[in-house]
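Student: After the structure tokens below, expect a handful of questions from me.
None of the figures in this text is laboratory data; all of them are computed from the coordinates on show. Since we're looking at a predicted model, the values are computed, not measured. Backbone-built Cβ (ideal geometry, glycine too); neighbour counts: all protein chains shown.
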Ligand SMILES: Nc1nc2c(c(=O)[nH]1)N[C@H]1C(S)=C(S)[C@@H](COP(=O)(O)OP(=O)(O)OC[C@H]3O[C@@H](n4cnc5c(=O)[nH]c(N)nc54)[C@H](O)[C@@H]3O)O[C@H]1N2
Ligand SMILES: Nc1nc2c(c(=O)[nH]1)N[C@H]1C(S)=C(S)[C@@H](COP(=O)(O)OP(=O)(O)OC[C@H]3O[C@@H](n4cnc5c(=O)[nH]c(N)nc54)[C@H](O)[C@@H]3O)O[C@H]1N2
Ligand code: SF4
Ligand code: SF4
Ligand code: SF4
Ligand code: SF4
Ligand code: SF4
Ligand SMILES: [Mo]
């Protein structure tokens, strides 16, 4: 592909938390699409590989004023500053990389040697280590997707924004002698699976893509925005307590300006 | 039985006693080796680490032994570069302790990584932005330096020294040792720092993250500083322990006191810097990321404000005060108290920078997660201790580690 | 030998260079690098040509359109099929993980016969001839009613073939697994006078009042409900959820009304009271198309808001404003059927809720409840009955359905185990089970298992080794859901009639056979008039013939959607009055139960101070299909922790005079029916006094990914008979929690 002629993409997601029902279809679609392994006991959520994890948030009030909100969490594909996402900049073996072409944070399974520094760096717990050899009951390996490599014990994996789907779409476009993809041509498995239509995926740089408009909503926010991770996953909620749950709010630090200024001073 | 190997003019326990001692410690070592093999063959599921605790007990041990091994580079620096010649009487031991600490650190890393056979990717596919790359390079280079520093010591064994090749080799190495010591000191300043950088650059983890200058967060400098301050304390502590066990005086007081004095001043300045760092972090850095200091020290069963008090006041201010005063250093009890507190302090600091970092929830809806190690982790963490004890025992028995031993313990 | 500095250096450098120049280190490094990229035991999926096959998911009655991605002949991913009515492009979490069922270890791979408690492989011919011999023996002894059949559904060609077989053979004992659809069918029968299914025009409603229906927990056609919920959000429609627990539906609702357990019907009547007294009802409907309004009004007078407030625990003002909001909306609809709607309920509750719809006049109207005709595409000629069959069919049913006590109910599976257990010798000697797993899903599971033990010959058609298959004597495994043809009638609660066709996506993996073919083979084996009733060569031929002109469309598009307008009020009601009946004669006949009231649950409230209520989660399959490994993986640790069920209780419940429980603690949960060890999760979203337990755990069958995890709620409860229908009306059971003795 001629690099000069294709515009840099910044793929991202906008997740409407008012619509998300916590059904978990996105989690399973992701596991099925990406050959995520499963164990006999997955109730220890500290070692359960879920590229997409749906968190359950509560407003902390007592019965009957309790409220719940579900929050799906893929990898945020943090851009950081100039692509220095928290995880990419720390990986000693360059086994995870920020693509300036797509904005996708990749994970190179065959290069990762399992030091887990990237996991320590990721504040979203989006990275998972293969503590165990993946095992499929006899016969079940038939359902494995050949477009995504199966990961072995001892390495880290995470949501890839279904990068293989981008590759397939680009391949198709290439054969059709196109340089750009239509919005619908590259969609992630979780986006496709969500029956509530809560997830929208697209190029945040492209004003014609829905994500570009949705992220401008006054109810849009990102998780832990103030850390400077610069995530590409946006959330929308009309409920204030939900929006506040996206970041640790401190009095006197509410204003973006103050934080920003401080970060600039700190050299970010 | 092995008297031919033992240096001339010194007393050693009987061979039987020695073998019994080695056997007991060796059993512990084998237990550790067994656990290590389990981790290699069955994988890291043998540990209680998890996706929240990607770094746990080992990495703490790793950071701690490297800090404690800091006695080697700092004594070397003082002797060869600053010209503190008295330190030649303890430098051998400092090097040996350093060698043990660094070899242990590398061993731990080899067990810790999920794909040990790919460990070399860190060099082959090095990412220059990563602090861990810096650590890996400097650590390996410095270990090579320590090996070079340790080899002539081995060659000084009575029997080996009789072989002309070894004699000459040893002699040649001694001659160039200042170059290596300088290189070692330089490398050490860096990797001690980059170990601090490992935690300090984690801008996704406000508990660890520190601002800094250029590419280096303040923890970079604090780690080097604290290793320089507390490493020699550990050398003093182990020397004292060796003296207790062998029931012999091995190093003269003036040597110890000199090292203690320098450590004291390092510790005092370090503690001062640490206090400023903590204050700035608590008042500026953390709040900008959405955290007040108490958030880091409440809402869980283990990590309370006591940690800060213990680390900075009890294990920082107090030992620094003791070590900078003449009376504090002259009195064995206060000296050893201060030295032990300093050692605890630096270990606690490394603990906090590894494990508390993982425990503190960052997402507002996340919870504190505590962790306890599995027996395999404990065994593999004790493994280097056993290995160190054995290496010290053998080296002490067969090598002229302590130049003042003969003088202080004239044979009858 | 003297070594100078120079020779020392050359020694070191030379040694290093020498080693590096040999191929050894490089070869080793390269090998290492390759070997560590992928260990031989880590599977590498084979690549190949990609294709997609569309079908319909039959893992639950929702029948969603699916598109299966294949690599050569392997199915690798299930997705929703675009353009399929109702589910349009989506499938639920269970459907998405369907390949784990297809390729999973729980499949029954060939016919199995139990001998001395052990499974033995047996050939199809042998298996069928054994069943035929048994059936022929019974028939020649005039014992045809001793054969019974449990079917997961009443609709579709396979259930109808089974039913036809029973009829031709001469047994009245064809039973179906009950659900809220049975209660709704009865409600429509009594209030509208029609045999119809309840459909809800949710897409056009703008105020949905749900009495405990888990609308986004898997109720009705679940995917369609998720879409409807998002549609309400987009269009500004309101959802009010009446429930004891902050379920996902309650959490997503605009208003959550926590009523005291079991007082839903009372609340409905209270709302009716406000609507009537404030004259908010639809006069055009009530005056011209309804009968019994005055009697209803009289009953409702007893349910004034203040009284209802006391019973339900909902504030009087809240009741009044809710009634006003409901009646004031342009397209309101009230709905019931708890949780996923997999259980029937109190008929009075259904009728009280349905009466609300009548009051606001949204019956057979846009955005309201529609009486949707039962699927009628199966138009087989009535079978000729020989003498044995005629005699057999004239005997009363084993489950008591259609008896004098329950004249309007078609099937009462819940009464069946009782009947078998009570008799000295089981009245049923051969039992077929298809598309159902009663040994797990029926409340009072212990009695069900006891009944199954007593029945001499149980034949399961299950594709999976489920609890019922385990309890059977013979398994005649059906093809997997992606290996077979199957017609899919209108999904539950859909307002537009729809017929879908599931078709084979992959060749059958094992030595299984389509249940339709097996039924035909059995009929042919029995011979005579029974064989004559099954003139088809194969199930596929039968299906094709049944579908007639639609067959090609079904093969091509996967579905046939009928254009449907519900009949207007003038022609909608076929009751004796020709109008909507607020008060049914059937209920009047019931001794003192003219006024709908509370269904009492089992247990003494002194001994059992708490109330145990089940809840459904879309991530936990609780029907005849068990959870897949993926599904179980998504369960939060507040549902399942290790091997233990986690029950949810309010923190207030956790700290009473008798117990002190912290979050995550173990506790003993006991009901009059059983005792299990559980863990507790303290959750503010549960009403104090209520213990909420997830449904779908506690399987003893299936694989290690499911078996032995948690406890089955159905073992802690037993059915409570609805006085009118005889269906199970239990919505909970009294219970207590105690600390685990140290
Ligand atoms: N892995 C990794 N990724 C990174 C970074 C990293 O450190 N590691 N750093 C990040 C940072 S800080 C930055 S700023 C970005 C930079 O990323 P890019 O913006 O991609 O920068 P380059 O690839 O250096 O240059 C862009 C293009 O400009 C063309 N070019 C050069 N001169 C001219 C000119 O005069 N006119 C025109 N029209 N084109 C010209 C070059 O040929 C090249 O194709 O990369 C980011 N990405
Ligand atoms: N030859 C050449 N030179 C270039 C460029 C080029 O394309 N070619 N590009 C130029 C451009 S555009 C740029 S932006 C600069 C970039 O140059 P630099 O600013 O030097 O950026 P990096 O080298 O990417 O990374 C800086 C260091 O920050 C560390 N680090 C990562 N995260 C953190 C953190 O949270 N805190 C702290 N304190 N440190 C952290 C990393 O480990 C790394 O060591 O280089 C410029 N120089
Ligand atoms: S599939 Fe959609 S509705 Fe379901 S949990 Fe995921 S984002 Fe939420
Ligand atoms: S979410 Fe975590 S893993 Fe993903 S890019 Fe950000 S830091 Fe990296
Ligand atoms: S675990 Fe793998 S991806 Fe993560 S930092 Fe280490 S080598 Fe890089
Ligand atoms: S984008 Fe793809 S990889 Fe990421 S969570 Fe969604 S389905 Fe999984
Ligand atoms: S709702 Fe039922 S039919 Fe639809 S995908 Fe899920 S299991 Fe299959
Ligand atoms: Mo840059």
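Student: Of A:66, C:22, how do they rank once you tally other Cβ atoms within 10 Å and put the fewest first?
Tutor: Values: A:66 20, C:22 9.
Ranking A:66, C:22 by Cβ neighbours within 10 Å, fewest first, gives C:22, A:66.
Student: Thinking of the range B:197-257 as a set of Cα atoms, what percent of all their pairs are more than 19 Å apart? Working shown, then result.
Tutor: Values: 935 of 1830 pairs.
For the range B:197-257, the share of Cα pairs beyond 19 Å comes to 51 percent.
Student: So, R0 is 25 Å and r is the distance between the beta-carbons of residue B:253 and residue B:182; what FRET efficiency does that work out to, to 0.05?
Tutor: The calculated FRET efficiency here is 0.30.
Student: At 20 °C and 1.002 mPa s, what whole-number value in µm²/s does Stokes-Einstein give for the translational diffusion of the range C:277-319, with Rh from the Kirkwood sum over Cα pairs? Display every interim value, and only then the final one.
Tutor: Working: Rh = 11.8 Å.
The estimated diffusion coefficient comes to 182 µm²/s.
Student: With 10 angstrom as the radius, rank C:432, B:189, C:658 by how many other C-beta atoms surround their C-beta, starting from the fewest.
Tutor: On the way: C:432 27, B:189 20, C:658 10.
Ordered by Cβ neighbours within 10 Å, fewest first: C:658, B:189, C:432.
Student: Considering every residue in A:183-196, what mean count of other chain Cβ atoms within 10 Å of its Cβ is obtained?
Tutor: Values: counts 0, 0, 0, 0, 0, 0, 3, 0, 0, 5, 10, 4, 21, 12.
Taking all residues of A:183-196 together, the mean is 4.
Student: Using only the alpha-carbon atoms, how far is helix C:5-21 inclined from the longest principal axis of chain C? Give it as 0 to 90 degrees, nearest 10.
Tutor: Orientation of helix C:5-21: about 50 degrees from the principal axis.
Student: For the residues C:483, C:287, what sequence is obtained by ranking on other C-beta atoms within 10 Å, fewest first?
Tutor: C:287, C:483
Student: Here's another thing I want to ask about it. How well do other chains shield peptide C:616-625, expressed as the mean number of their Cβ atoms within 10 Å of each residue Cβ?
Tutor: If you average over the peptide's residues, the count of other-chain Cβ atoms is 2.
Student: Taking every pair of Cα atoms in the range C:629-672, average 1/r, invert it to obtain the Kirkwood radius, and report Rg/Rh to two decimals.
Tutor: Over the Cα atoms of the range C:629-672, Rg/Rh equals 1.04.
Student: Given 0.36 nm per residue, what is the gain on full extension from residue C:668 to residue C:49 after removing their alpha carbon distance, in nm?
Tutor: 217.4 nm
Student: I would also like to ask the following. Peptide B:354-367: average number of partner chain Cβ atoms within 10 Å per residue?
Tutor: That average works out to 4.
Student: Now, a different point. What is the angle, in °, between the Cα long axis of helix C:264-277 and the longest principal axis of the Cα atoms in chain C? Nearest 10 is fine, range 0 to 90.
Tutor: 50
Student: Across 10 Å bins from 0, what is the distribution of all Cα-Cα pair distances for the range A:155-245, in whole percents?
Tutor: Going from the shortest bin to the longest, the percentages are 14, 38, 34, 12, 2.
Student: Give the calculated FRET efficiency between residue B:12 and residue B:243 to the nearest 0.05, with a Förster radius of 22 Å applied to their Cβ-Cβ distance.
Tutor: Calculated value: 0.90.
Student: Turning to a different aspect of this structure: Taking the Cα centre of each part, how many Å lie between the range A:208-253 and the range C:603-668?
Tutor: Answer, in whole Å: 34.
Student: I've got another one for you. Ranked highest first by average number of other Cβ atoms within 10 Å, how do B:202-208, B:72-78, B:117-123, C:549-555 line up?
Tutor: Per-residue mean Cβ counts within 10 Å order the peptides as B:72-78, B:202-208, B:117-123, C:549-555.
Student: Continuing with the same structure: Mind checking the alpha-carbon convex hull of the range C:337-378 and giving the volume per residue in Å³?
Tutor: Per residue, the Cα convex hull of the range C:337-378 comes to 115 Å³.
Student: OK, next. Percent of Cα-Cα pairs per 20 Å bin, from 0 to the last occupied bin, for the protein assembly as shown, please list those.
Tutor: 9, 32, 30, 18, 9, 2, 0
Student: I'd like the Kirkwood hydrodynamic radius of the range B:106-218, using the inverse of the mean 1/r over distinct C-alpha pairs, in Å.
Tutor: In the range B:106-218 this quantity evaluates to 16.4 Å.
Student: Could you list the square roots of 5 times each eigenvalue of the Cα gyration tensor of chain C, that is, the equivalent ellipsoid semi-axes, sorted largest first and rounded to whole Å?
Tutor: Equivalent-ellipsoid dimensions as semi-axes: 47, 36, 27 Å.
Student: Taking the Cα atoms of the range C:250-396, what is the range of coordinates along each of the three principal axes, in descending order and whole Å?
Tutor: 65, 35, 34
Student: So if each residue of separation counts as 0.36 nm, and I subtract the Cα-Cα distance between residue C:33 and residue C:405, what length gain in nm does that give?
Tutor: Between residue C:33 and residue C:405, full extension yields 126.2 nm more.
Student: Can you give me the C-alpha center-to-center distance between the range C:74-135 and the range B:324-390, rounded to a whole angstrom?
Tutor: Each part reduced to its Cα centre gives a spacing of 57 Å.
Student: Ratio of alpha-carbon Rg to the 2.2 N^0.38 Å globular estimate for the range C:371-463, to two decimals, please.
Tutor: The value comes to 1.26.
Student: So, one more: What share of Cα pairs, in percent, lie more than 35 angstrom apart in chain B? Walk me through the numbers before you get to the answer.
Tutor: On the way: 23962 of 84666 pairs.
Of all Cα-Cα distances in chain B, 28 percent exceed 35 Å.
Student: Tell me the Kirkwood hydrodynamic radius of the range A:97-173 in angstroms, computed as one over the mean inverse distance between distinct C-alpha pairs.
Tutor: 14.2
Student: Just to verify a number: FRET efficiency for residue A:59 and residue C:540, C-beta to C-beta distance, R0 = 60 Å, to 0.05?
Tutor: Computed FRET efficiency for residue A:59 and residue C:540: 0.60.
Student: In angstroms, what radius of gyration and Dmax does the range B:149-304 have, counting Cα atoms only?
Tutor: Calculated on Cα positions, Rg and Dmax stand at 21.6, 67 Å.
Student: Using only helices, what value at 222 nm comes out for chain C when you add -39,500 (n - 2.57) per DSSP H run of length 4 or more and divide by the total residues, to the nearest 500 deg cm²/dmol?
Tutor: Taking each H run of at least 4 residues, the total per residue is -9500 deg cm²/dmol.
Student: Give me the distance in nm between label points sitting 7 Å out from Cα along the Cα-to-Cβ direction at residue C:235 and residue A:135, one decimal.
Tutor: Placing both labels 7 Å along Cα→Cβ, they lie 5.1 nm apart.
Student: Still on this model: Work out how much length residue C:317 to residue C:556 would gain on full extension: take 0.36 nm times their residue separation and subtract the Cα-Cα distance, in nm to one decimal.
Tutor: Full extension from residue C:317 to residue C:556 adds 80.5 nm.
Student: Can you compute log10 of I(q)/I(0) for the range C:610-739 with the Debye formula, treating each Cα as one identical point scatterer, at q = 0.10, 0.11, 0.13, 0.15 Å⁻¹?
Tutor: Taking Cα atoms of the range C:610-739 as identical point scatterers yields -0.31, -0.38, -0.52, -0.69.
Student: Let me ask something additional. When the C-alpha atoms of the range B:1-114 are aligned to their principal axes, what extent does each axis show, in angstrom, from largest down?
Tutor: Ordered largest first, the range B:1-114 gives principal extents of 54, 43, 15 Å.
Student: Same structure, new question: For chain A, take every pair of Cα atoms, bin their distances at 10 Å starting from 0, and report each bin as a whole percent.
Tutor: Per 10 Å bin, starting at 0, the Cα pair percentages come out as 6, 27, 36, 23, 7, 1.
Student: For the range B:115-192 and the range C:440-484, what is the centre-to-centre distance using only Cα atoms, to the nearest Å?
Tutor: The range B:115-192 and the range C:440-484 have Cα centres separated by 70 Å.
Student: So, in nm, how far is label residue B:40 from label residue B:22 when the simple model puts each one 7 Å beyond its Cα toward the Cβ?
Tutor: For residue B:40 paired with residue B:22, the spin-label model returns 2.2 nm.
Student: Let me ask something else. Please state, rounded to one decimal and in Å, the Kirkwood hydrodynamic radius that the range C:113-228 gives when every pair of distinct Cα atoms enters the mean of 1/r.
Tutor: Radius from the Kirkwood sum: 18.2 Å.
Student: Based on the Kirkwood radius over alpha-carbon pairs, what is the Stokes-Einstein translational diffusion coefficient of the range A:145-192 at 10 °C with 1.306 mPa s viscosity, in µm²/s?
Tutor: For the chosen part, D equals 129 µm²/s.
Student: Nearest 10 degrees is fine. How inclined is helix C:23-37 to the longest principal axis of chain C, computing both from alpha carbons?
Tutor: Tilt relative to chain C: about 0 degrees.
Student: If packing is taken as the average count of other Cβ atoms within 10 Å, what order do C:200-208, C:352-360, B:276-284 fall into, highest mean first? Can you show the working numbers first?
Tutor: Details: C:200-208: 22.7, C:352-360: 27.2, B:276-284: 15.0.
The packing order, highest mean first, is C:352-360, C:200-208, B:276-284.
Student: Moving on to the next point. Quick one: grab the alpha carbon gyration tensor of the range B:166-221, order the square roots of its eigenvalues as a ≥ b ≥ c, and give me rounded if a/c is under 1.5, else prolate or oblate depending on whether a/b is larger than b/c.
Tutor: prolate
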